[in-house]
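Values quoted throughout were computed directly from the atomic coordinates according to the rules given, and no laboratory measurement underlies them. Since we're looking at a predicted model, the values are computed, not measured. All Cβ positions, even for glycine, are placed from backbone atoms using ideal geometry, and neighbour counts span all protein chains on display.
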Amino acid sequence: LNPSEIDVSSIDQDFMTDLTEILEKNLTNPKLKIDHLAKKLYMSRATLNRKIRAITGESTNQFIQSYRLKRAAQLLKENFGNVTEIAYEVGFSSSAYFTKCFKEKFKQLPTTYQVPNRSNPTFLYI
């Protein structure tokens, strides 16, 4: 999420900053739940859901998944590692499920999204 792309008030901006900070700290945890986020943000689960939906248009689960996929895309572009490593780094417990979600979001496989690096032996050049 790039908060500068969303027209939000300063209170919502502070909320999104706090939310993304919590997500970053817990990004590798595949068991990150809405209840955990709500507790860290000192609000009820329902309030958190309403607030995130009002700001982003996504449910809380969709927002978390979208955030993870966007972070994965950044890591792929930076050649952080292979697809499986990145999937686990952003909190997916299954690389197959990560690939499915990534393809739905970005309309391409993570392996084709990744920038080839000549020093990375996983890429073959003809």
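What the phi angles of the range 55-66 give under the Karplus curve with 6.51, -1.76 and 1.60, with θ = phi - 60°, is a coupling list of 7, 9, x, 10, 5, 4, 4, 5, 4, 4, 5, 4 Hz, glycine and proline written as x. Scaling against 2.2 N^0.38 Å puts the C-alpha radius of gyration of the range 1-97 at 1.10. Using C-alpha pairs below 8 Å separated by at least 6 residues, the relative contact order for the range 8-103 is 26 percent. The Cα-based radius of gyration of the range 45-86, divided by its Kirkwood radius, gives an Rg/Rh of 1.17. Add +1 for every Lys or Arg and -1 for every Asp or Glu among the other residues with Cβ under 12 Å from the Cβ of F80, and state the total. Around F80, the surrounding residues sum to -1. Listed by chain and number, the lysines placed with their C-alpha closer than 16 angstrom to that of K40 are K25, K31, K51; residues fewer than eight positions away on the same chain are left out. Other residues with beta-carbon under 14 Å from the beta-carbon of K105 carry, at +1 per Lys or Arg and -1 per Asp or Glu, a net charge of +4. Our coupling estimate for the range 107-114, obtained by passing each phi through the Karplus curve with A = 6.51, B = -1.76, C = 1.60 and θ = phi - 60°, is 6, 7, 6, x, 5, 7, 6, 5 Hz, Gly and Pro reported as x.
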